[in-house]
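A short worksheet on the structure shown next.
The values are calculated or read from the model by the stated rules, or taken from the named source; none is laboratory data. The model shown is predicted, which means the values in this text are computed figures rather than measured ones. FYI the Cβ positions are ideal-geometry reconstructions off the backbone, even for glycines, and counts take in every protein chain you see. These accessible areas exclude ligands, DNA and RNA; they are computed on the full protein's heavy atoms, side chains included. Shrake-Rupley method; radii C 1.70, N 1.55, O 1.52, S 1.80 Å.
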Amino acid sequence: MHARNSSLPAKILSSIRNRNKRLDAAHLEQEPRSEGTLIASYNVHKCIGNDRRFDPERTSRVIHEIDADVIALQEADTRFGERTGILDLGRLERETGLIPVPVNGMAKAHGWHGNVVLFKRGLVRDVHQINLPGLEPRGALVAELDLENGGALRIIAAHFGLLRHSRAQQAKMLVELMADKSEVPTILLGDLNEWRLGDRSSLHTFQSAFGPQPMAVPSFPARLPLLALDRIMANRGGVVTAVEAHDTPLARVASDHLPVKAVVNLKRVEELSAKG
């Protein structure tokens, strides 16, 4: 038995061991949330779970669980035609206080190319809808927010393509977009579809704008996460805590991706804004 296990790739063994630890922790009392603004990213997979059921209500319950102050969703609209929104955003707002950043475009869509940014208690200063280059229709939503509990923050919510060359082009475009406003505290988050690390990664371009990337956190596939497809990064050190996966029994079945989350230190954001 031991010889068979030793032949498994180290990454898979590590993921299995970490999953067992998370399963054990699920039975313990949930730890209190860290102080600060909780941000999250979640590819909801058009509300189709690992059981192949279409269940927007279940997806909404995962969003409830996360209890984020700002959350970026991917694949929240149908892919073709009118890109009809799938979630009941009105009910989500009533129950969680999350409201969508407004976008222009098709009336029935929630967001931009399936990207939605929801936030609590604040104002939207500016919004930009970006068509990303590549063979697939991909986009990014750039929102500048004034959050009620302090701090101006720019959010770039993106969903990158499946092809490495496209991802490299998309990363380069976002870095160029930031060039004129590099002093603005910025959080980039979303499903960036890149599992490679280091110099081989199509996300290596981001180092010029975001510095060394934080430790990658496996989020896909949700039942046994091995690949760090979903990322959160900031263009200033000390602004974001360590990223972690939101790994619960409900999240494991509601989508093929686990949500990822981190805490933003808004006092640090205010200090950086004052210096800028």
Shape category assigned to region 85-157 from the gyration tensor of Cα positions, a/c cut at 1.5: oblate
Theoretical gain in end-to-end length, residue 208 to residue 65 [0.36 nm per residue, Cα-Cα removed]: 48.0 nm
Carbon + sulfur, % of accessible area of region 35-274 - ligands and nucleic acids excluded, 1.4 Å: 53 percent
Å² per residue, accessible surface of region 74-230 at 1.4 Å: 46 Å²
By average C-beta atoms within 10 angstrom, highest first, the peptides 56-68, 184-196: 184-196, 56-68
Peptide ranges 88-96, 243-251, 136-144 listed from the most packed, as the mean C-beta count within 10 angstrom indicates: 136-144, 243-251, 88-96
Heavy-atom SASA rank of 77, 126 (probe 1.4 Å, accessible area, largest first): 126, 77
Nitroxide proxy distance, nm - points 7 Å out along Cα→Cβ at residue 148 and residue 135: 4.7 nm
Cα gyration tensor category, rounded, prolate or oblate, for region 35-274 with a/c compared to 1.5: rounded
